[in-house]
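Participant: One structure, as C-alpha coordinates, below. Some questions next.
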Amino acid sequence: MRIDPKTIIRFTLEYFDSIRDLFDVQLADGIIRKESASAIYEKGGSHIEKQLQEYRLVRNVGGDFELRPEYFHFLKFVLEEFRPLLPEHIEKYNHSITELFRKIREEIYGDVTILNSRIKSLAIEVREFVSTVEHNTLSLLEQTRALKANADKIDYREKVQRASYWIDYYILPLNRILDVSNTESIIHKLYNLSEFVNNKRLNFHDKEAQDNFEQLYIQLLQTNDDLLKQSKILTNELLPLIERIRTESRILTGFITYLRNPYKTKIPSLFKRKQYSPYSSNVAINTKAYMEQFMNDEAIIIDDDFDGGNNWIFNKDYFKEKLKEQLPVENFFNWCNTTLKEEYKSIETDKLFALTTLLFEEDLLLEFDEKNKKQKLKTKEYTLQVPTIAVSNHGIF
(Lines give C-alpha, C1' and ligand atoms only; values in the text may rest on other atoms or scores of the structure.)
Protein backbone atom coordinates (compact mmCIF):
# COMPACT_ATOMS: atom_id res chain seq x y z
CA MET A 1 0.00 0.00 0.00
CA ARG A 2 1.35 3.40 -1.01
CA ILE A 3 1.83 5.85 1.88
CA ASP A 4 0.58 9.41 1.37
CA PRO A 5 3.67 11.70 1.08
CA LYS A 6 2.04 14.26 3.38
CA THR A 7 1.86 11.60 6.09
CA ILE A 8 5.64 11.08 5.89
CA ILE A 9 6.27 14.84 6.02
CA ARG A 10 3.97 15.24 9.06
CA PHE A 11 5.70 12.29 10.75
CA THR A 12 9.12 13.85 10.09
CA LEU A 13 7.94 17.13 11.58
CA GLU A 14 6.37 15.55 14.67
CA TYR A 15 9.32 13.31 15.52
CA PHE A 16 12.06 15.46 14.05
CA ASP A 17 14.26 15.39 17.20
CA SER A 18 14.43 11.57 17.21
CA ILE A 19 15.00 11.44 13.45
CA ARG A 20 17.74 14.05 13.87
CA ASP A 21 19.40 11.82 16.48
CA LEU A 22 19.29 8.84 14.09
CA PHE A 23 20.74 11.02 11.35
CA ASP A 24 23.60 12.25 13.58
CA VAL A 25 24.51 8.68 14.55
CA GLN A 26 24.59 7.53 10.92
CA LEU A 27 26.52 10.62 9.86
CA ALA A 28 29.18 9.93 12.49
CA ASP A 29 29.42 6.11 12.28
CA GLY A 30 28.09 5.35 8.80
CA ILE A 31 25.44 3.08 10.33
CA ILE A 32 22.94 3.07 13.21
CA ARG A 33 23.83 0.37 15.72
CA LYS A 34 20.96 -1.55 17.27
CA GLU A 35 21.85 -0.29 20.75
CA SER A 36 21.93 3.35 19.61
CA ALA A 37 18.60 2.96 17.81
CA SER A 38 16.97 1.42 20.91
CA ALA A 39 18.17 4.32 23.08
CA ILE A 40 16.76 6.86 20.62
CA TYR A 41 13.43 5.00 20.33
CA GLU A 42 13.11 4.83 24.11
CA LYS A 43 13.74 8.53 24.39
CA GLY A 44 11.36 9.58 21.60
CA GLY A 45 8.71 6.88 21.81
CA SER A 46 9.07 3.20 20.97
CA HIS A 47 6.16 3.30 18.51
CA ILE A 48 8.19 5.34 15.99
CA GLU A 49 10.32 2.27 15.20
CA LYS A 50 7.32 0.58 13.60
CA GLN A 51 6.37 3.72 11.70
CA LEU A 52 9.90 4.19 10.37
CA GLN A 53 9.78 0.66 9.00
CA GLU A 54 6.26 1.07 7.68
CA TYR A 55 7.09 4.33 5.88
CA ARG A 56 10.29 2.70 4.52
CA LEU A 57 12.48 5.42 5.99
CA VAL A 58 14.94 2.93 7.54
CA ARG A 59 16.10 -0.53 6.57
CA ASN A 60 17.83 -3.40 8.35
CA VAL A 61 21.54 -3.93 7.73
CA GLY A 62 22.72 -7.16 9.35
CA GLY A 63 20.88 -6.54 12.61
CA ASP A 64 21.64 -2.82 12.59
CA PHE A 65 19.86 -0.02 10.74
CA GLU A 66 20.40 2.83 8.33
CA LEU A 67 18.25 5.64 6.96
CA ARG A 68 17.46 5.02 3.33
CA PRO A 69 19.81 7.00 1.04
CA GLU A 70 17.05 9.17 -0.42
CA TYR A 71 15.78 10.16 3.03
CA PHE A 72 19.30 10.54 4.41
CA HIS A 73 20.29 12.94 1.58
CA PHE A 74 17.08 14.90 2.11
CA LEU A 75 17.92 15.37 5.80
CA LYS A 76 21.51 16.21 4.93
CA PHE A 77 20.29 18.94 2.59
CA VAL A 78 17.82 20.33 5.14
CA LEU A 79 20.38 20.29 7.97
CA GLU A 80 23.29 21.36 5.73
CA GLU A 81 25.38 18.59 7.24
CA PHE A 82 27.82 18.11 4.38
CA ARG A 83 31.04 16.23 4.85
CA PRO A 84 33.72 17.12 2.33
CA LEU A 85 34.09 14.30 -0.18
CA LEU A 86 37.47 13.20 -1.43
CA PRO A 87 38.17 14.31 -5.01
CA GLU A 88 38.26 10.62 -5.99
CA HIS A 89 34.54 10.48 -5.19
CA ILE A 90 33.78 13.59 -7.26
CA GLU A 91 35.92 12.26 -10.11
CA LYS A 92 33.32 9.53 -10.76
CA TYR A 93 31.27 12.20 -12.55
CA ASN A 94 34.16 12.59 -14.98
CA HIS A 95 33.61 9.01 -16.15
CA SER A 96 29.81 9.12 -16.23
CA ILE A 97 29.63 12.48 -18.06
CA THR A 98 32.36 11.45 -20.53
CA GLU A 99 30.69 8.11 -21.26
CA LEU A 100 27.22 9.62 -21.81
CA PHE A 101 28.70 12.34 -24.03
CA ARG A 102 30.55 9.71 -26.08
CA LYS A 103 27.40 7.61 -26.63
CA ILE A 104 25.32 10.67 -27.57
CA ARG A 105 27.94 11.82 -30.06
CA GLU A 106 28.54 8.39 -31.64
CA GLU A 107 24.84 7.40 -31.85
CA ILE A 108 23.41 10.86 -32.54
CA TYR A 109 21.33 9.58 -35.47
CA GLY A 110 20.26 6.33 -33.80
CA ASP A 111 17.11 5.63 -31.78
CA VAL A 112 15.60 9.03 -30.83
CA THR A 113 14.01 7.70 -27.62
CA ILE A 114 17.38 6.43 -26.36
CA LEU A 115 19.00 9.73 -27.39
CA ASN A 116 16.47 11.78 -25.39
CA SER A 117 16.92 9.50 -22.38
CA ARG A 118 20.71 9.97 -22.52
CA ILE A 119 20.41 13.74 -22.80
CA LYS A 120 18.22 13.83 -19.67
CA SER A 121 20.58 11.47 -17.82
CA LEU A 122 23.49 13.70 -18.77
CA ALA A 123 21.64 16.72 -17.38
CA ILE A 124 21.09 14.85 -14.09
CA GLU A 125 24.79 13.91 -13.84
CA VAL A 126 25.87 17.52 -14.47
CA ARG A 127 23.39 18.77 -11.87
CA GLU A 128 24.62 16.28 -9.26
CA PHE A 129 28.25 17.15 -10.03
CA VAL A 130 27.65 20.87 -9.47
CA SER A 131 25.73 20.15 -6.27
CA THR A 132 28.53 17.94 -4.94
CA VAL A 133 31.17 20.61 -5.67
CA GLU A 134 29.05 23.27 -3.95
CA HIS A 135 28.55 21.04 -0.88
CA ASN A 136 32.26 20.29 -0.71
CA THR A 137 33.21 23.96 -0.93
CA LEU A 138 30.60 24.93 1.69
CA SER A 139 31.73 22.20 4.09
CA LEU A 140 35.43 23.04 3.71
CA LEU A 141 34.72 26.74 4.18
CA GLU A 142 32.70 26.16 7.37
CA GLN A 143 35.28 23.79 8.86
CA THR A 144 38.13 26.13 7.97
CA ARG A 145 36.43 29.11 9.58
CA ALA A 146 35.74 27.02 12.68
CA LEU A 147 39.40 25.99 12.77
CA LYS A 148 40.43 29.63 12.41
CA ALA A 149 38.20 30.64 15.34
CA ASN A 150 39.43 27.58 17.31
CA ALA A 151 36.42 27.49 19.62
CA ASP A 152 37.34 23.92 20.60
CA LYS A 153 40.83 25.03 21.75
CA ILE A 154 42.65 22.65 19.41
CA ASP A 155 46.39 22.38 19.86
CA TYR A 156 48.38 24.47 17.38
CA ARG A 157 50.20 21.44 16.05
CA GLU A 158 46.91 19.72 15.30
CA LYS A 159 45.66 22.87 13.56
CA VAL A 160 48.70 22.74 11.26
CA GLN A 161 48.11 19.07 10.55
CA ARG A 162 44.42 19.62 9.75
CA ALA A 163 45.14 22.63 7.56
CA SER A 164 47.85 20.75 5.64
CA TYR A 165 45.57 17.72 5.28
CA TRP A 166 42.71 19.78 3.81
CA ILE A 167 45.01 21.58 1.40
CA ASP A 168 46.76 18.43 0.13
CA TYR A 169 43.78 16.06 -0.03
CA TYR A 170 40.78 18.29 -0.69
CA ILE A 171 41.43 21.85 -1.85
CA LEU A 172 44.27 21.44 -4.37
CA PRO A 173 42.79 18.29 -6.00
CA LEU A 174 39.36 19.98 -6.18
CA ASN A 175 40.98 23.01 -7.75
CA ARG A 176 42.50 20.77 -10.43
CA ILE A 177 39.06 19.35 -11.16
CA LEU A 178 37.83 22.93 -11.77
CA ASP A 179 40.87 23.93 -13.86
CA VAL A 180 39.60 24.61 -17.40
CA SER A 181 43.16 24.63 -18.79
CA ASN A 182 43.55 20.97 -17.77
CA THR A 183 42.27 18.92 -20.73
CA GLU A 184 41.47 15.97 -18.43
CA SER A 185 39.38 17.99 -15.96
CA ILE A 186 35.60 17.68 -15.81
CA ILE A 187 35.08 21.38 -16.38
CA HIS A 188 37.12 21.23 -19.61
CA LYS A 189 34.95 18.35 -20.85
CA LEU A 190 31.82 20.31 -19.94
CA TYR A 191 33.15 23.13 -22.11
CA ASN A 192 33.49 20.74 -25.08
CA LEU A 193 30.05 19.32 -24.32
CA SER A 194 28.59 22.84 -24.32
CA GLU A 195 29.95 23.51 -27.84
CA PHE A 196 28.46 20.24 -29.13
CA VAL A 197 25.05 20.84 -27.50
CA ASN A 198 24.96 24.44 -28.78
CA ASN A 199 25.34 23.16 -32.35
CA LYS A 200 22.65 20.49 -31.99
CA ARG A 201 20.10 22.78 -30.32
CA LEU A 202 20.19 24.99 -33.41
CA ASN A 203 20.22 22.24 -36.02
CA PHE A 204 18.72 18.81 -35.38
CA HIS A 205 16.11 16.81 -37.26
CA ASP A 206 14.02 15.75 -34.22
CA LYS A 207 12.06 18.51 -32.44
CA GLU A 208 11.92 16.82 -29.01
CA ALA A 209 15.66 16.09 -29.02
CA GLN A 210 16.33 19.65 -30.16
CA ASP A 211 14.30 20.97 -27.21
CA ASN A 212 16.22 18.69 -24.84
CA PHE A 213 19.49 19.96 -26.27
CA GLU A 214 18.21 23.52 -25.71
CA GLN A 215 17.42 22.82 -22.03
CA LEU A 216 20.78 21.11 -21.52
CA TYR A 217 22.61 24.07 -23.09
CA ILE A 218 20.87 26.55 -20.76
CA GLN A 219 21.79 24.30 -17.82
CA LEU A 220 25.45 24.15 -18.97
CA LEU A 221 25.61 27.96 -19.15
CA GLN A 222 24.41 28.17 -15.54
CA THR A 223 26.79 25.36 -14.60
CA ASN A 224 29.70 27.35 -15.96
CA ASP A 225 28.75 30.35 -13.79
CA ASP A 226 28.25 28.15 -10.70
CA LEU A 227 31.58 26.34 -11.08
CA LEU A 228 33.39 29.61 -11.72
CA LYS A 229 31.96 30.91 -8.45
CA GLN A 230 33.14 27.81 -6.58
CA SER A 231 36.58 28.08 -8.15
CA LYS A 232 36.86 31.72 -7.01
CA ILE A 233 35.90 30.71 -3.46
CA LEU A 234 38.60 28.03 -3.50
CA THR A 235 41.38 30.24 -4.85
CA ASN A 236 40.47 33.65 -3.41
CA GLU A 237 39.02 32.78 -0.01
CA LEU A 238 39.44 29.19 1.11
CA LEU A 239 43.05 28.52 0.08
CA PRO A 240 44.46 31.83 1.47
CA LEU A 241 42.47 31.37 4.72
CA ILE A 242 43.69 27.85 5.37
CA GLU A 243 47.24 28.74 4.30
CA ARG A 244 47.18 31.58 6.85
CA ILE A 245 46.04 29.14 9.53
CA ARG A 246 48.95 26.87 8.67
CA THR A 247 51.50 29.71 8.68
CA GLU A 248 50.25 31.36 11.89
CA SER A 249 50.03 28.05 13.69
CA ARG A 250 53.58 27.12 12.74
CA ILE A 251 54.88 30.41 14.12
CA LEU A 252 52.93 30.06 17.36
CA THR A 253 53.91 26.40 17.73
CA GLY A 254 57.56 27.30 17.38
CA PHE A 255 57.27 30.16 19.88
CA ILE A 256 55.50 27.95 22.45
CA THR A 257 58.18 25.30 22.02
CA TYR A 258 60.81 27.98 22.68
CA LEU A 259 59.00 29.24 25.81
CA ARG A 260 58.91 25.73 27.25
CA ASN A 261 62.70 25.64 27.22
CA PRO A 262 63.94 29.24 26.86
CA TYR A 263 67.51 28.50 28.01
CA LYS A 264 68.25 25.91 25.34
CA THR A 265 69.15 28.57 22.79
CA LYS A 266 70.31 32.15 22.93
CA ILE A 267 67.46 34.62 23.39
CA PRO A 268 66.88 36.51 20.11
CA SER A 269 66.67 40.29 20.07
CA LEU A 270 62.97 40.76 19.51
CA PHE A 271 63.17 44.57 19.61
CA LYS A 272 66.18 46.61 18.56
CA ARG A 273 66.23 50.35 19.06
CA LYS A 274 67.28 52.31 16.01
CA GLN A 275 67.23 56.05 15.41
CA TYR A 276 66.25 57.40 12.02
CA SER A 277 66.80 60.94 10.68
CA PRO A 278 64.60 62.66 8.11
CA TYR A 279 67.75 63.76 6.22
CA SER A 280 71.03 62.13 5.22
CA SER A 281 74.02 62.23 7.53
CA ASN A 282 76.04 63.64 4.59
CA VAL A 283 73.68 66.55 4.02
CA ALA A 284 76.26 69.18 5.20
CA ILE A 285 78.99 67.93 2.83
CA ASN A 286 76.57 67.64 -0.09
CA THR A 287 75.22 71.16 0.49
CA LYS A 288 78.74 72.62 0.61
CA ALA A 289 79.70 70.88 -2.65
CA TYR A 290 76.51 72.13 -4.31
CA MET A 291 77.13 75.75 -3.28
CA GLU A 292 80.80 75.75 -4.29
CA GLN A 293 79.96 75.10 -7.92
CA PHE A 294 78.40 78.60 -8.14
CA MET A 295 81.24 80.51 -6.42
CA ASN A 296 83.44 80.80 -9.54
CA ASP A 297 81.30 82.01 -12.43
CA GLU A 298 82.69 81.37 -15.90
CA ALA A 299 82.06 83.72 -18.82
CA ILE A 300 79.34 82.58 -21.20
CA ILE A 301 79.64 83.73 -24.84
CA ILE A 302 76.49 83.76 -27.02
CA ASP A 303 77.11 83.87 -30.77
CA ASP A 304 74.08 85.45 -32.50
CA ASP A 305 75.48 84.54 -35.92
CA PHE A 306 75.31 80.79 -35.25
CA ASP A 307 74.18 78.88 -38.29
CA GLY A 308 71.95 76.01 -37.26
CA GLY A 309 72.75 74.14 -40.48
CA ASN A 310 70.84 73.57 -43.66
CA ASN A 311 67.63 71.79 -42.68
CA TRP A 312 66.25 70.29 -45.89
CA ILE A 313 62.46 70.04 -46.18
CA PHE A 314 61.04 67.60 -48.71
CA ASN A 315 58.69 69.33 -51.18
CA LYS A 316 56.47 66.41 -51.98
CA ASP A 317 54.14 68.21 -54.43
CA TYR A 318 57.08 69.50 -56.49
CA PHE A 319 58.71 66.09 -56.93
CA LYS A 320 55.38 64.36 -57.57
CA GLU A 321 54.64 66.75 -60.46
CA LYS A 322 58.14 66.21 -61.73
CA LEU A 323 57.57 62.43 -61.71
CA LYS A 324 54.13 62.65 -63.37
CA GLU A 325 55.57 64.79 -66.18
CA GLN A 326 57.97 61.96 -67.04
CA LEU A 327 55.48 59.06 -66.78
CA PRO A 328 55.64 56.28 -67.65
CA VAL A 329 58.91 55.56 -65.78
CA GLU A 330 60.30 52.08 -66.39
CA ASN A 331 62.73 52.18 -63.45
CA PHE A 332 61.72 54.34 -60.48
CA PHE A 333 65.08 54.23 -58.68
CA ASN A 334 66.94 55.23 -61.87
CA TRP A 335 64.61 58.23 -62.00
CA CYS A 336 65.43 59.01 -58.32
CA ASN A 337 69.15 58.78 -59.13
CA THR A 338 68.88 61.18 -62.08
CA THR A 339 66.55 63.62 -60.31
CA LEU A 340 68.72 63.96 -57.19
CA LYS A 341 71.86 64.55 -59.23
CA GLU A 342 70.09 67.25 -61.24
CA GLU A 343 68.70 68.95 -58.16
CA TYR A 344 71.52 68.54 -55.62
CA LYS A 345 74.56 67.31 -57.60
CA SER A 346 74.77 64.30 -55.22
CA ILE A 347 72.63 61.51 -53.81
CA GLU A 348 71.99 61.66 -50.06
CA THR A 349 70.29 58.76 -48.31
CA ASP A 350 67.63 60.80 -46.52
CA LYS A 351 66.62 62.54 -49.76
CA LEU A 352 66.39 59.18 -51.55
CA PHE A 353 64.18 57.76 -48.84
CA ALA A 354 61.98 60.88 -49.02
CA LEU A 355 61.46 60.32 -52.76
CA THR A 356 60.45 56.68 -52.19
CA THR A 357 57.30 57.91 -50.36
CA LEU A 358 55.94 58.82 -53.82
CA LEU A 359 55.42 55.09 -54.40
CA PHE A 360 52.51 55.15 -51.95
CA GLU A 361 50.47 57.72 -53.89
CA GLU A 362 47.07 56.27 -54.85
CA ASP A 363 46.97 57.78 -58.36
CA LEU A 364 50.18 56.00 -59.38
CA LEU A 365 50.26 52.41 -60.59
CA LEU A 366 53.29 50.26 -59.70
CA GLU A 367 54.53 47.19 -61.53
CA PHE A 368 57.30 45.03 -60.07
CA ASP A 369 59.77 43.06 -62.15
CA GLU A 370 58.55 39.43 -62.41
CA LYS A 371 62.11 38.07 -62.16
CA ASN A 372 62.63 40.10 -59.00
CA LYS A 373 65.64 41.74 -60.58
CA LYS A 374 67.70 43.86 -58.16
CA GLN A 375 70.04 46.80 -58.84
CA LYS A 376 72.61 48.67 -56.78
CA LEU A 377 72.22 52.36 -55.99
CA LYS A 378 75.04 54.32 -54.34
CA THR A 379 74.41 57.26 -52.03
CA LYS A 380 76.97 59.39 -50.18
CA GLU A 381 76.64 57.11 -47.15
CA TYR A 382 75.64 53.63 -48.38
CA THR A 383 75.34 51.26 -51.28
CA LEU A 384 71.73 50.08 -51.44
CA GLN A 385 70.20 47.11 -53.26
CA VAL A 386 66.80 48.15 -54.66
CA PRO A 387 64.11 46.43 -56.77
CA THR A 388 63.10 47.34 -60.31
CA ILE A 389 59.74 49.14 -60.18
CA ALA A 390 57.86 50.59 -63.15
CA VAL A 391 55.53 53.54 -62.48
CA SER A 392 52.60 54.60 -64.67
CA ASN A 393 49.61 56.87 -64.42
CA HIS A 394 46.34 54.96 -64.09
CA GLY A 395 47.95 51.91 -65.63
CA ILE A 396 48.73 53.56 -69.00
CA PHE A 397 52.38 53.53 -70.22
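The values are calculated or read from the model by the stated rules, or taken from the named source; none is laboratory data. What you see is a predicted model, and the numbers here were worked out from it, not measured in a lab. Using ideal geometry, Cβ is built from the backbone for each residue, glycine included, and neighbour counts are taken over all protein chains shown.
Participant: Among the residues of region 16-36 satisfying the criterion of being hydrophobic (A, V, I, L, M, F, W, C) and at pLDDT below 85, which is nearest to K6 (Cα to Cα)?
Facilitator: Only one residue fits best here, namely F23.
Participant: Tell me, please, whether a residue that is assigned to a helix (DSSP H, G or I) and among the charged types (D, E, K, R) can be found in region 159-166.
Facilitator: Yes, region 159-166 contains a residue that is assigned to a helix (DSSP H, G or I) and among the charged types (D, E, K, R).
Participant: Criterion first (modelled with pLDDT of 80 or more and either farther than 20 Å from K378 by Cα or not in a loop (DSSP other than H, G, I, E, B) (or both)) does L270 satisfy it?
Facilitator: Taking the combined requirement at face value, the residue does not satisfy it.
Participant: From L172, L193, grab the single residue that is part of a helix (DSSP H, G or I) and closer than 19 Å to I97 by Cα.
Facilitator: Exactly one of L172, L193 is part of a helix (DSSP H, G or I) and closer than 19 Å to I97 by Cα, namely L193.
Participant: Can you tell me which residue among K148, K103 is without any contact (Cβ under 8 Å) to a residue 24 or more places away in the chain, surrounded by 13 or more Cβ atoms within 10 Å (Cβ to Cβ) and either within 24 Å of L241 (Cβ to Cβ) or outside the structural domain of D17 (by TED's automatic domain parsing) (or both)?
Facilitator: Unique residue meeting the criteria: K103.
Conditions (1) within 23 Å of Q143 (Cβ to Cβ); (2) surrounded by fewer than 16 Cβ atoms within 10 Å (Cβ to Cβ); (3) touching a residue at least 24 places away in the same chain (Cβ under 8 Å), marked per residue:
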residue: L13; (1), (2), (3): no, yes, no
residue: D17; (1), (2), (3): no, yes, yes
residue: E35; (1), (2), (3): no, yes, no
residue: I97; (1), (2), (3): no, no, yes
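Participant: Also, I was wondering about something else. Which condition number in (1) more than 25 Å from L141 (Cβ to Cβ); (2) modelled with pLDDT of 80 or more is the one that D225 fails?
Facilitator: (1)
Participant: Can you tell me which residue within region 338-397, out of those that are small (G, A, S) and within 20 Å of Q326 (Cα to Cα), is surrounded by the most Cβ atoms within 10 Å (Cβ to Cβ)?
Facilitator: Result: A354.
Participant: Among the listed residues N199, N192, N203, identify the single one that is assigned by TED's automatic domain parsing to the domain that holds L227, more than 21 Å from I124 (Cα to Cα) and out of contact with any helix residue (DSSP H, G or I) (no Cβ under 6 Å at 6 or more places or on another chain).
Facilitator: Exactly one residue qualifies, and that residue is N203.
Participant: Moving to a separate point now. Please name all residue pairs, on different chains or six or more residues apart, with Cβ atoms under 9 Å, provided the first residue is in region 127-140 and is outside the structural domain of Q230 (by TED's automatic domain parsing) and under 10 Å from L234 (Cα atoms) and the second residue is crowded, with 22+ Cβ neighbours inside 10 Å and among the aliphatic types (A, V, I, L, M).
Facilitator: Every condition considered, no pair remains.
Participant: Are any residues in region 367-396 without any contact (Cβ under 8 Å) to a residue 40 or more places away in the chain and under 19 Å from K341 (Cβ atoms), and if so, which ones?
Facilitator: Result: K376, K378, T379, K380, E381, Y382, T383, L384.
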